[in-house]
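FYI, it's all coordinate maths here, none of it is from the lab. Everything quoted here is computed from the prediction, not taken from an experiment. Don't worry about glycine lacking a Cβ; one is built from the backbone with ideal geometry, like all the others, and counts go over all protein chains shown.
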Amino acid sequence: LDLSIFDEWSPNLAWLLGYVWSDGSISSKHNSLSFCIQSADKELLLHVKHILHAKPSLHFSRKRNTFALQLYSAKLFDILSSKYGIKDRKSYRNVPFPHVPKSYLGHFLRGYVDGDGCVYNNNNNNIALEIYGQYRFIKGIQAAVCTELELQRNKVGALAGCFRITWYSKSDITKLYHFMYPQNNVPCLRRKRHKMYKYIRRLSRETQP
């Protein structure tokens, strides 16, 4: 593993941390970082491997139709836990949103959306972006993003075991798209990006004279 990515903030580090906060799992027992995702989202684990120069192969489960990646490193575990506040069983802890520099917030949000976000068509054939998590984390990310982009602060909704925030206005979705995808070659889950991109293109055509 090449852990130099953690020496200073960068777009790739911000994306990686956002994705670890959403889909990653760390274990103090095994000093490990692991992911297990649906096979359709395999590209996310390839991004992780590329950023960390990780050699372990992905493991495919035919029964579950999932890919898994496990990285064993006491130093990596210590960095994620001590420096960035990511703990064992984080999905069950009501932890606050971590400090993310403003210039990297969009990259962090993209990583989080890639794991625990949903882009879907609502009843009006418009796009909605929804993210899920524990209450303090979700409220924190909402405050940071809404302040930075001047978005509507919609009500935090409760789900079974977690909470969600949703953005659905055309203006908010447009701002979020450009915030999360400032360039074409950033690591991301392409199907979510493409869905937002098609919607932004449609809005652009509708507003043309």
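Worth pointing out:
- Each of CYS36 and GLU206 was given a label point 7 Å from its Cα along the Cα-to-Cβ line. The distance between the two points is 4.1 nm.
- Among the listed values (1) 18.9; (2) 18.5; (3) 17.8, the one matching Kirkwood radius over Cα pairs in Å as calculated from this structure is (3).
- Charges were assigned to the Cβ only: +1 to each Lys and Arg, -1 to each Asp and Glu. The resulting dipole of the range 114-209 about its Cα centre is roughly 280 debye.
- Evaluated over the range 3-92, the Cα radius of gyration and Dmax, each in Å: 12.7, 40
- Between ASN65 and SER81, full extension at 0.36 nm per residue minus the direct alpha carbon distance yields a gain of 2.8 nm.
- Gyration tensor (alpha-carbon) shape descriptor, the range 24-143, a/c threshold 1.5: oblate
- Cα gyration tensor shape for the range 60-120, rounded if a/c is under 1.5, else prolate or oblate: oblate
- Of GLY85, GLY161, GLY133, the one that fluctuates the most in a GNM where the chain has Cα springs shorter than 10 Å: GLY161
- Ordering of 7-14, 137-144, 32-39, 121-128 by packing is 137-144, 32-39, 7-14, 121-128, highest average first (other Cβ atoms within 10 Å, averaged per residue).
- Selected from ARG89, ARG164, ARG110 as most flexible by GNM, with the chain as the system and alpha-carbon contacts under 10 Å: ARG89
- Expected 222 nm ellipticity per residue - DSSP helices of 4 or more, -39500 (n - 2.57), all of the chain, to 500: -12500 deg cm²/dmol
- Cα extents of the range 102-207 along the three principal axes, largest first (Å): 38, 32, 25
- Here the residues LYS42, LYS198, LYS155, ranked from fewest to most Cβ neighbours within 10 Å of their Cβ, fall in the order LYS155, LYS198, LYS42.
- Cα-based helix-to-principal-axis angle, 105-116 vs the chain, degrees rounded to 10: 80
- Amide H within-cut-off set for VAL95, under 5 Å, with H built and near neighbours excluded: PHE137
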